[in-house]
Amino acid sequence: MKRIKGGKMGNYQLIATAAMGLEALVAKEVRSLGYDCEVENGKVIYTGDEYAIARSNLWLRTADRIKIKVGEFKAYTFDELFEKTKALPWEKFLPEDAEFPVVGKSVKSTLFSVSDCQAIVKKAVVEKMKQHYKRSTWFEETGAYFRIEVALLKDVATITLDTSGQGLHKRGYRVDQGEAPLKETLAAALVLLTNWKADRPFMDPFCGSGTIPIEAAMIGQNIAPGFNREFVSERWNWIPSKVWQDARTEAEDLANYDQPLDILGTDIDHRMVKIAQDNAFEAGFADLIHFKQMQVRDISTNKQYGVIVGNPPYGERLGEKKEIENMYKEMGQAFNALDTWSKYILTSHEQFEQFYGRPATKKRKLFNGFIRTDLYQYWGKRPPRQNERIQEK
Ligand SMILES: C[S@@+](CC[C@H](N)C(=O)[O-])C[C@H]1O[C@@H](n2cnc3c(N)ncnc32)[C@H](O)[C@@H]1O
């Protein structure tokens, strides 16, 4: 990637936040962008320059946000929180007209009043800015947006700046949605957890608003998930616009729009099929992803070595449990014929395997929002290798 010649780049501690259970996937993505990282609960930590900020926002499919760690320190009293926050180099980050709201959270800490912590941090930053910009009056905050977060965990305060703006799951293609849409970050994670490659067929038999097929298509064509949206840090004066231009050019160069795809989304509800089509159109995949109204029990195909990823109803709503369990049984029967296909089903139903009719090859615990679910994996036969095919002939 072309970098700014002679330009002085910064060095930032970056945090890619991750939903519980997705940290390892986010770390894999961060490493494949070329940054060494460490994994902690709910976050992946690495260092990088302005390019790393732009590229992480554009490319990370499974992370929630990219934050800059401005500082971290122990804080048992409000005085400590104030002085240590004020000592941080805010002048490097915030221009004189910055809009800088402070949000907060506190877990197992002496300073448990979040609203007080927020007010103290705000006051400390204002004091530092007044000193630096030699002002005695209040700041109007009419400029670019810098959301500061103070997160206290066991008396350690971590102060961050959010570089993303809207969460990274907002890709910009969702024009409408059904009742229980998957977050785009989780849908991408489900696809990345399979062995699917773009030259194999892919199917989502419970496509709803189409999130899984659309994320699969973006992965299949190596399209940066953030390519069609803006990020709050694009308006920051200390990230040259060339950095964002270069990162977008890189994404454009790496996208493989010519990669053929065989992706099908089906759903029992024709209204969902329409919504999925509209979303796929918005994502630029109108002709590339096929959607069809169909019940899962009717699924059959002559294609081989494909991958199914599905997020069926979980049967948690009053009165629907029996019906859903019966549907799981029908699904198991329909999928039985697809022995070369790998199937990945996400549900919170603890007896899923019993109704589906087979124990999973592997289970992986995942959270769909606050719902604890398992990804039931049924691995299909491996495709024959090239020389095995020649011998068969
Ligand atoms: C949890 S939603 C899927 C949400 C989807 N992943 C998304 O991101 O929008 C489950 C979907 O399964 C569909 N469905 C329910 N029973 C079905 C059946 N027997 N066959 C096919 N689809 C079914 C529902 O219409 C619903 O759209």
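The values are calculated or read from the model by the stated rules, or taken from the named source; none is laboratory data. What you see is a predicted model, and the numbers here were worked out from it, not measured in a lab. For neighbour counting, all protein chains shown are included, and Cβ atoms are generated from backbone atoms with ideal geometry for every residue, glycine included.
Quick check, is Trp238 over 22 Å from the mean Cα position of the chain (by Cα) and away from the ligand (no atom under 14 Å from the Cβ)? So Trp238 fits the description; yes. Counting only strands (runs of 3 or more DSSP E) that sit wholly inside the stretch 283-393, those with at least 3 residues that are closer than 22 Å to Ala216 by Cβ, assigned by TED's automatic domain parsing to the domain that holds Gly210 and more than 16 Å from the ligand (Cβ to nearest atom) are 362-368. Listed by position, the strands (runs of 3 or more DSSP E) contained in the stretch 1-95 that have at least 3 residues being charged (D, E, K, R) are 65-74.
Thr194 meets the stated requirement of being at pLDDT 95 or above, within 16 Å of the ligand (Cβ to nearest atom) and surrounded by fewer than 22 Cβ atoms within 10 Å (Cβ to Cβ). For the stretch 127-150, check the following and say yes or no: at least one residue is touching a Gly at 6+ places or on another chain (Cβ under 8 Å), in contact (Cβ under 8 Å) with a residue 60 or more places away in the chain and β-branched (Val, Ile, Thr). Checking the stretch 127-150: at least one residue is touching a Gly at 6+ places or on another chain (Cβ under 8 Å), in contact (Cβ under 8 Å) with a residue 60 or more places away in the chain and β-branched (Val, Ile, Thr). Please determine whether any residue of the stretch 215-231 is assigned to a loop (DSSP other than H, G, I, E, B), touching a helix residue (DSSP H, G or I) at 6+ places or on another chain (Cβ under 7 Å), in contact (Cβ under 8 Å) with a residue 12 or more places away in the chain and within 16 Å of the ligand (Cβ to nearest atom). For the stretch 215-231, residues assigned to a loop (DSSP other than H, G, I, E, B), touching a helix residue (DSSP H, G or I) at 6+ places or on another chain (Cβ under 7 Å), in contact (Cβ under 8 Å) with a residue 12 or more places away in the chain and within 16 Å of the ligand (Cβ to nearest atom): present. If you go through the stretch 131-171 and keep only what is of a type in the set (Lys, Arg) and either surrounded by 15 or more Cβ atoms within 10 Å (Cβ to Cβ) or farther than 20 Å from Cys117 by Cα (or both), you end up with Lys134, Arg135, Arg147, Lys170, Arg171. Here Ala75 meets each of (1) more than 23 Å from Ile212 (Cα to Cα); (2) without any contact (Cβ under 8 Å) to a residue 40 or more places away in the chain with one exception, condition (2). Residues that are polar (S, T, N, Q) and more than 21 Å from the chain's Cα centre (by Cα) are absent from the stretch 220-230 altogether. Those residues that are free of Cβ contacts under 8 Å to residues at least 60 places away in the same chain, over 24 Å from the mean Cα position of the chain (by Cα) and either farther than 30 Å from Gln351 by Cα or in a loop (DSSP other than H, G, I, E, B) (or both), I need them from the stretch 269-282; list them, please. Correct list: Lys274 only.
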